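Asks: Here it is, the structure in full.
The values are calculated or read from the model by the stated rules, or taken from the named source; none is laboratory data. Predicted model only: the values in this text are computed from it and were never measured. No Cβ is skipped: glycine too gets one built from the backbone with ideal geometry, and neighbour counts run over all protein chains shown.
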Amino acid sequence: MPQRITPLRISAFTATSAVGVGKASLLAALESSRSGLRANDFVDETAGRTPPAPLPTWIGRVEGLEDLRLPEALASWDCRNNRLAWLGLEADGFMEAVAAARGRYGPARVAVILGTSTSSIGETEAAYTRLDADGAFPADQRRARVHTPHSLSMFVQEALGLEGPNETLSTACSSSAKAFASAERMIRLGLVDAAVVGGVDTLCGSVLYGFNSLELVSPQPCRPFDAARDGISLGEAAGFALLERAEEDGAGDGARDGAAGGRLLLLGYGEASDAHHMSTPHPQGLGAERALDDALARAGVAPEDIGYINMHGTASTKNDEVEGALVKRRFPATTHASSTKGFTGHTLGAAGIVEAVISLLALETGLLPGTINTTMLDADCGPQIRLEPARADVRLALSNSFGFGGNNCSLIFGKDLQA
Amino acid sequence: MSAIPNRTPTLYIEGPAFWAPTLPGWDIARAAFTGQGAPVDPPAKRPSPQVLAPAERRRAPDTVALSLEVAAQAIAASGREARDLPCVFASAHGDLGINDYMCGTLANDPTLLSPIKFHNSVHNAAVGYWTIGTGCMAASNSLAAYESTFAAGLLETATQCAADGQAVLLVGYDMPAVGALASVTTSRGLLAVALVVSPERTERTVAAFDWSLEPGEAAIAAPRSAAAQALAANAMADALPLFEALADTDAFPATVTLPLAARLSLRLRLHRN
């Protein structure tokens with residue numbers, strides 16, 4: 001078992017998804033159980049001259065990305081994923097909070113660690129529909145730093161004026177959750193004083209047609225943990241958090257927003273592998289349970305201490321079966337658990353940060369989201385999974401993210417009322 | 001500015017592993033880097049890692065075959081059990097062959113997309129196959145950092161090793177760009193490297209190293225030997241200077257500076273103890 005870690009302070013955080021830009025839009029949707037999903041109207045740049053009918057599914061598309069323009073100095077990074085990153089960075093004063101941290105610590109002492117599953121592959125797909133006579137990319141697409149997975153983190157580091165360690169984690173749907181773990185280690189070792197973590201993933205042909213080819217996409221809005229669930233709804237999102245040492249004087253001002261002045265903290269994380277199958281979870285959820293146990297050990301807490309669980313809850317048959325059983329056997333019946341995929345869709349590599357933000361909002365505001373679109377809970381699920389939102393003052397929240405390749409990450413957040 | 005110093009302990013390298021068509025194995029690479037041997041001719045064919053079942057070995061994407069080969073070499077040379085070790089897989093571009101297939105198919109008829117190609121297209125496919133093949137349930141990671149991918153992977157590995165006090169496997173690999181992608185993505189040839197970073201010295205230790213982040217303009221670390229220079233067009237080439245240094249332990253102490261970004265480097269001071 002890993003040792004307990006010193007909590008890190010989350011001095012700023014934000015998320016932008018199909019329900020809107022920034023935390024206020026997200027909180028309003030969660031309070032009113034309003035879904036951001038819509039019938040698939042994604043303009044597929046990859047469809048070529050004779051686009052097939054759009055896939056009959058529902059998506060969590062972020063409004064306005066098609067018309068968004070990056071600032072001139074960053075224009076060479078243009079692609080849907082980096083546009084969404086920019087939209088996300090501009091929300092909730094996040095860029096200002098990072099600028100303050102840069103001023104406090106210096107640009108080389110702030111890391112940028114982001115997760116994404118597909119980064120800017122949508123732009124590469126688009127380039128393939130416009131190849132020149134030699135089969136090469138057209139001149140305006142010969143941007144090597146865009147057509148590569150690290151595009152996202154290079155863009156964000158440049159946009160934020162930072163010079164510290166910079167890496168892109170790509171472990172499918174656990175990517176942006178794992179960014180918290182990597183950042184905690186770097187801060188603990190004194191390599192940096194702060195880290196921008198999070199992730200961005202955007203809708204593209206690869207994921208729409210890819211998940212469709214695996215028969216994992218639902219023809220209707222996804223219904224996590226429903227007895228009749230029939231697959232996922234894909235979405236896109238950007239989310240970011242700024243991590244700093246909890247004891248740092250004058251670090252950030254995001255904490256002023258906290259309930260009763262409480263500081264929001266990263267308390268623990270767990271990372272583990274299923275060692276089972278590339279695209280289906282371990283049948284007994286052993287990798288997920290190991291991630292949970294490691295997160296509890298690093299936080300120094302027990303399952304009954306957790307007030308809210310944001311489940312991975314994709315609405316795929318297997319994920320929900322395995323995760324539902326894990327929560328049922330490890331948590332008291334009184335724990336409020338929900339999947340918020342019905343609000344945002346499954347935002348893949350961004351799911352970890354979006355759901356971390358939802359968990360932080362639960363600690364900050366006491367709003368525990370429900371599970372929307374679902375009407376009849378699977379009888380195999382435990383009493384922890386709630387369809388309706390609730391209000392309660394919770395001190396600890398758990399967020400699960402499980403990805404392809406059997407890659408699992410659990411995060412535990414808390415608030416410190418003594419601060 | 002913060003006064004908090006680096007708290008990076010000395011760490012230890014075990015089991016350096018190397019694979020390129022001209023240098024298929026660490027013993028061959030080490031000899032070539034130190035002028036005591038020559039690259040193989042004709043070049044070796046794609047490796048066939050035993051971690052995979054025979055049918056999977058043939059079907060495996062290039063990046064999976066490459067990375068699992070060096071991962072297994074590193075584990076064997078370290079004398080450790082693969083199932084116990086957290087692992088960090090690093091690749092600048094992932095599987096460029098599958099990316100070319102995906103983008104080409106999407107441009108022509110997206111409904112023909114192969115589900116197996118899709119699930120092999122995720123960046124963490126290689127580490128997924130590794131954990132499945134070895135029964136490893138420890139933490140596994142998959143990362144990219146463009147031209148500094150090996151350096152970022154080594155930083156992540158050393159950080160995880162130091163923070164959790166346990167040995168961690170690092171694997172770096174990249175393949176050539178194929179199809180239309182080759183007009184923008186410059187990676188050429190096959191190259192894979194691996195090593196185990198341990199928090200303590202063992203009888204398998206090859207080198208000890210102290211490490212730190214150095215802000216400011218990064219010096220470009222360039223390979224010195226002709227055998228390594230011939231691999232410089234691969235996107236994992238930022239690993240070459242460290243492996244050249246590990247080939248020549250008689251020259252320790254040695255300093256290797258790996259650029260992490262335009263204005264940041266990872267500095268390693270290699271020594272015997």
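Asks: If you scan region A:379-419, which residues turn out to be of a type in the set (D, E, K, R) and out of contact with any helix residue (DSSP H, G or I) (no Cβ under 8 Å at 6 or more places or on another chain)?
Replies: Once the filter is applied, which keeps residues that are of a type in the set (D, E, K, R) and out of contact with any helix residue (DSSP H, G or I) (no Cβ under 8 Å at 6 or more places or on another chain), region A:379-419 yields A:R386, A:E388, A:R391, A:D416.
Asks: Now for a different question. Just give me the residues in region A:128-179 being part of a loop (DSSP other than H, G, I, E, B), more than 8 Å from chain B (Cβ to nearest Cβ) and touching a Leu at 6+ places or on another chain (Cβ under 9 Å), in sequence order.
Replies: A:P138
Asks: Let me ask you something else. Condition (residue is more than 7 Å from chain A (Cβ to nearest Cβ), in contact (Cβ under 8 Å) with a residue 24 or more places away in the chain, over 30 Å from A:A53 (Cβ atoms) and of a type in the set (F, W, Y)) applied to region B:143-151: is it met by at least one residue?
Replies: Yes: one or more hits.
Asks: So which of B:A245, B:A251, B:A239, B:A235 is free of Cβ contacts under 8 Å to residues at least 12 places away in the same chain and closer than 24 Å to B:W19 by Cβ?
Replies: On the way: B:A245 fails: free of Cβ contacts under 8 Å to residues at least 12 places away in the same chain; B:A239 fails: free of Cβ contacts under 8 Å to residues at least 12 places away in the same chain; B:A235 fails: free of Cβ contacts under 8 Å to residues at least 12 places away in the same chain.
From the options B:A245, B:A251, B:A239, B:A235, the qualifying one is B:A251.
Asks: Say whether the condition of being of a type outside the set (A, V, I, L, M) and within 14 Å of chain B (Cβ to nearest Cβ) is met by at least one residue in region A:323-344.
Replies: No, there is no match, as no residue in region A:323-344 is of a type outside the set (A, V, I, L, M) and within 14 Å of chain B (Cβ to nearest Cβ).
Asks: Tally the residues that are within 19 Å of A:H277 (Cβ to Cβ) and either without any contact (Cβ under 8 Å) to a residue 12 or more places away in the chain or surrounded by fewer than 24 Cβ atoms within 10 Å (Cβ to Cβ) (or both), restricting the search to region A:291-321.
Replies: Counting residues in region A:291-321 that are within 19 Å of A:H277 (Cβ to Cβ) and either without any contact (Cβ under 8 Å) to a residue 12 or more places away in the chain or surrounded by fewer than 24 Cβ atoms within 10 Å (Cβ to Cβ) (or both) gives 3.
Asks: Next question. Looking at A:N400, A:N373, can you tell me which residue is in contact (Cβ under 8 Å) with a residue 40 or more places away in the chain and within 13 Å of A:Y269 (Cβ to Cβ)?
Replies: A:N400
This table checks each residue for (1) modelled with pLDDT of 95 or more; (2) more than 21 Å from the chain's Cα centre (by Cα); (3) surrounded by fewer than 18 Cβ atoms within 10 Å (Cβ to Cβ).
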{"site": "A:I5", "(1), (2), (3)": "yes, yes, no"}
{"site": "A:A12", "(1), (2), (3)": "yes, no, no"}
{"site": "A:A15", "(1), (2), (3)": "yes, no, no"}
{"site": "A:G20", "(1), (2), (3)": "yes, no, no"}
{"site": "A:A24", "(1), (2), (3)": "yes, no, yes"}
{"site": "A:S35", "(1), (2), (3)": "yes, no, no"}
{"site": "A:A39", "(1), (2), (3)": "yes, yes, yes"}
{"site": "A:T46", "(1), (2), (3)": "no, yes, no"}
{"site": "A:R49", "(1), (2), (3)": "no, yes, yes"}
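Asks: Within region A:180-206, which residues are touching a Leu at 6+ places or on another chain (Cβ under 7 Å), hydrophobic (A, V, I, L, M, F, W, C) and more than 7 Å from chain B (Cβ to nearest Cβ)?
Replies: Across region A:180-206, the qualifying residues are A:F180, A:A183, A:I187, A:A194, A:A195, A:V196, A:V197, A:V200, A:L203.
Asks: Within region A:65-72, identify whether any single residue is over 29 Å from A:R263 (Cα atoms), at pLDDT below 95 and surrounded by fewer than 16 Cβ atoms within 10 Å (Cβ to Cβ), and answer yes or no.
Replies: Within region A:65-72, one or more residues are over 29 Å from A:R263 (Cα atoms), at pLDDT below 95 and surrounded by fewer than 16 Cβ atoms within 10 Å (Cβ to Cβ).
Asks: For region B:142-150, indicate whether the set of residues that are buried (at least 24 other Cβ atoms within 10 Å of the Cβ), assigned to a helix (DSSP H, G or I) and not polar (S, T, N, Q) is non-empty.
Replies: Yes, region B:142-150 contains at least one residue that is buried (at least 24 other Cβ atoms within 10 Å of the Cβ), assigned to a helix (DSSP H, G or I) and not polar (S, T, N, Q).
Asks: Restrict the check to region A:214-226 and report whether at least one residue is within 14 Å of chain B (Cβ to nearest Cβ), touching a helix residue (DSSP H, G or I) at 6+ places or on another chain (Cβ under 7 Å) and either buried (at least 24 other Cβ atoms within 10 Å of the Cβ) or over 25 Å from A:S33 (Cβ atoms) (or both).
Replies: Yes, that holds for at least one residue.
Asks: Every residue in region A:98-118 that is crowded, with 22+ Cβ neighbours inside 10 Å and more than 8 Å from chain B (Cβ to nearest Cβ), please.
Replies: Across region A:98-118, the qualifying residues are A:V98, A:A101, A:V110, A:A111, A:V112, A:I113, A:L114, A:G115, A:T116, A:T118.
Asks: Six or more apart or on different chains, Cβ atoms under 9 Å: show the pairs whose first residue is in region B:34-55 and over 20 Å from B:V70 (Cα atoms) and among the hydroxyl-bearing types (S, T, Y) and whose second is modelled with pLDDT of 95 or more and surrounded by 15 or more Cβ atoms within 10 Å (Cβ to Cβ).
Replies: From residues that are over 20 Å from B:V70 (Cα atoms) and among the hydroxyl-bearing types (S, T, Y), the pairs are B:T34/B:S225; B:T34/B:E244; B:T34/B:A247; B:T34/B:D248.
Asks: In the set B:P49, B:P43, which member is in a loop (DSSP other than H, G, I, E, B) and surrounded by 15 or more Cβ atoms within 10 Å (Cβ to Cβ)?
Replies: When all the criteria are applied, what remains is B:P49.
Asks: Among (1) out of contact with any Pro (no Cβ under 6 Å at 6 or more places or on another chain); (2) in a loop (DSSP other than H, G, I, E, B), there is one condition A:N373 misses while meeting the rest; what is its number?
Replies: Evaluating A:N373 over (1) out of contact with any Pro (no Cβ under 6 Å at 6 or more places or on another chain); (2) in a loop (DSSP other than H, G, I, E, B) leaves (1) as the failure.
Asks: Could you grab me the full set of residues in region B:158-181 that are more than 13 Å from B:I13 (Cα to Cα) and facing chain A (nearest Cβ under 8 Å)?
Replies: B:T159, B:Q160, B:A163, B:D164, B:G179, B:A180, B:L181
Asks: Find the residue count for region B:179-205, including only residues that are part of a loop (DSSP other than H, G, I, E, B) and buried (at least 18 other Cβ atoms within 10 Å of the Cβ). I'd like the intermediate steps shown before the answer.
Replies: To start, the set of residues in region B:179-205 that are part of a loop (DSSP other than H, G, I, E, B) comprises B:184-190, B:199-204.
Pick out the ones that are also buried (at least 18 other Cβ atoms within 10 Å of the Cβ) and you get B:184-185, B:187, B:189-190.
Going through region B:179-205 one residue at a time, the tally reaches 5.
Asks: Okay, next question. For region B:87-112, give me each residue that is facing chain A (nearest Cβ under 8 Å), touching a residue at least 40 places away in the same chain (Cβ under 8 Å) and either of a type in the set (A, V, I, L, M) or surrounded by fewer than 24 Cβ atoms within 10 Å (Cβ to Cβ) (or both).
Replies: Those that are facing chain A (nearest Cβ under 8 Å), touching a residue at least 40 places away in the same chain (Cβ under 8 Å) and either of a type in the set (A, V, I, L, M) or surrounded by fewer than 24 Cβ atoms within 10 Å (Cβ to Cβ) (or both): B:A92, B:G104.
Asks: Okay, next question. Enumerate the pairs (first residue in region B:113-128 and facing another protein chain (nearest Cβ under 7 Å) and aromatic (F, W, Y); second residue anywhere and buried (at least 24 other Cβ atoms within 10 Å of the Cβ) and part of a helix (DSSP H, G or I)) with beta-carbon separation below 6 Å, excluding pairs fewer than 6 apart on the same chain, so at least 6 apart or on different chains.
Replies: Listed by first residue and then by second, the contacts come to B:F118/A:G210.
Asks: Ok, one more. A:G342 - would you say it is surrounded by fewer than 24 Cβ atoms within 10 Å (Cβ to Cβ) and in contact (Cβ under 8 Å) with a residue 60 or more places away in the chain?
Replies: no
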